[in-house]
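Some notes on the structure that comes next.
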Amino acid sequence: MDVGAVLIQLKSDAKENVAAWKQELNLRKDEAIETLRRKAFL
């Protein structure tokens, strides 16, 4: 399944967490996609 994303502007205090958030999403990609599918976003 292809998943897309959009570019967003982060608040300066949120930028510190981006790497950790990206890693967590990549580790849980299948779970994230299934959640989106169940909530009818995909």
Q: Those residues that are exposed (fewer than 10 other Cβ atoms within 10 Å of the Cβ) and either of a type in the set (Ser, Thr, Tyr) or not in a helix (DSSP H, G or I) (or both), I need them from the stretch 22-42; list them, please.
A: Lys39, Ala40, Phe41
Q.
Restricting to the stretch 10-21, count the residues that are over 23 Å from Ile33 (Cα atoms) and in a loop (DSSP other than H, G, I, E, B).
A. 4
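Quick note: the coordinates plus some simple rules give every number you see, no bench work behind them. Just so it is clear, the structure is predicted and the values come from calculations on it, not from any experiment. FYI the Cβ positions are ideal-geometry reconstructions off the backbone, even for glycines, and counts take in every protein chain you see.
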